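A quick write-up on the structure given underneath.
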Amino acid sequence: MKKGKGNKFYAKVLVEALKDLKPGQTKEVIKNFVLFLVKEHKIKKADQIIKEFEKYAKLAEGVQRAKIILAKKTDEKIVEKIKSLSLGKIEEEIIIDEEILGGFIFQTDDTIIDASLKTQLQKLKKSFN
């Protein structure tokens with residue numbers, strides 16, 4: 001069975017189409033892209049395609065999205081130190097999850113650093129068994 005083009009494909013098409021435009025050309029490119037989605041029967045997926053577009057466009061600009069999970073709200077200096085674990089610019093989403101007990105979890109598309117107290121305690125418990 002042949003797999004169809006996914007949302008990432010259409011997002012990349014739009015990013016490429018919007019590169020190096022002269023002033024005033026954006027409206028026409030967007031209009032043509034919407035017509036292209038209609039022709040490809042993908043207009044119902046526009047919301048997901050836009051989310052992929054935003055992610056891909058930021059990656060093209062060197063900005064990576066990351067989730068930073070903390071047990072409680074913390075000082076901005078600590079968040080900056082956690083962000084420095086990644087190369088390049090980070091656009092972070094801070095999530096408070098008391099279940100991790102302490103420490104942090106840093107997650108990007110291709111990296112997970114789990115420095116949570118909960119995980120450390122689980123590892124310690126396994127080592128005693």
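Only one of (1) at pLDDT below 95; (2) farther than 25 Å from F33 by Cβ is not met by E99, so which one is it?
Going through (1) at pLDDT below 95; (2) farther than 25 Å from F33 by Cβ one by one, E99 breaks only (1).
Does Q48 count as outside any strand (DSSP E or B) and either modelled with pLDDT of 90 or more or polar (S, T, N, Q) (or both)?
Yes; evaluated as a whole, the condition is true for this residue.
Of (1) outside the structural domain of L121 (by TED's automatic domain parsing); (2) loosely packed, with under 12 Cβ neighbours inside 10 Å; (3) more than 21 Å from the chain's Cα centre (by Cα), K19 satisfies all except one. Which?
Result: K19 fails condition (3) only.
Report, by residue number, each residue of the stretch 35-49 that is of a type in the set (V, I, T) and without any contact (Cβ under 8 Å) to a residue 12 or more places away in the chain.
Residues satisfying the conditions are V38, I43.
Mind counting the residues in the stretch 78-127 that are surrounded by fewer than 14 Cβ atoms within 10 Å (Cβ to Cβ), within 14 Å of the chain's Cα centre (by Cα) and of a type in the set (S, T, Y)?
So the count comes out to 1.
Considering each of L35, L59 in turn, give the residue that is surrounded by fewer than 12 Cβ atoms within 10 Å (Cβ to Cβ) and either in a helix (DSSP H, G or I) or hydrophobic (A, V, I, L, M, F, W, C) (or both).
Being surrounded by fewer than 12 Cβ atoms within 10 Å (Cβ to Cβ) and either in a helix (DSSP H, G or I) or hydrophobic (A, V, I, L, M, F, W, C) (or both) holds for just one of L35, L59, which is L35.
Of everything in the stretch 101-115, what is in contact (Cβ under 8 Å) with a residue 40 or more places away in the chain, part of a strand (DSSP E or B) and over 14 Å from I78 (Cβ atoms)? Give them in sequence order.
Passing the criteria: only Q107.
What do you reckon, is I78 of a type in the set (V, I, T), part of a strand (DSSP E or B), out of contact with any Ser or Thr (no Cβ under 6 Å at 6 or more places or on another chain) and at negative phi?
No, not satisfied.
Identify the single condition in (1) of a type in the set (G, A, S); (2) in contact (Cβ under 8 Å) with a residue 40 or more places away in the chain; (3) not assigned by TED's automatic domain parsing to the domain that holds T108 that A71 does not satisfy, given that it satisfies every other one.
Every condition holds for A71 apart from (3).
The values are calculated or read from the model by the stated rules, or taken from the named source; none is laboratory data. Remember, predicted model here, so these are calculated numbers, not experimental data. Methodologically, a virtual Cβ is constructed for each residue, glycine included, from the backbone with ideal geometry; neighbour enumeration extends over all protein chains shown.
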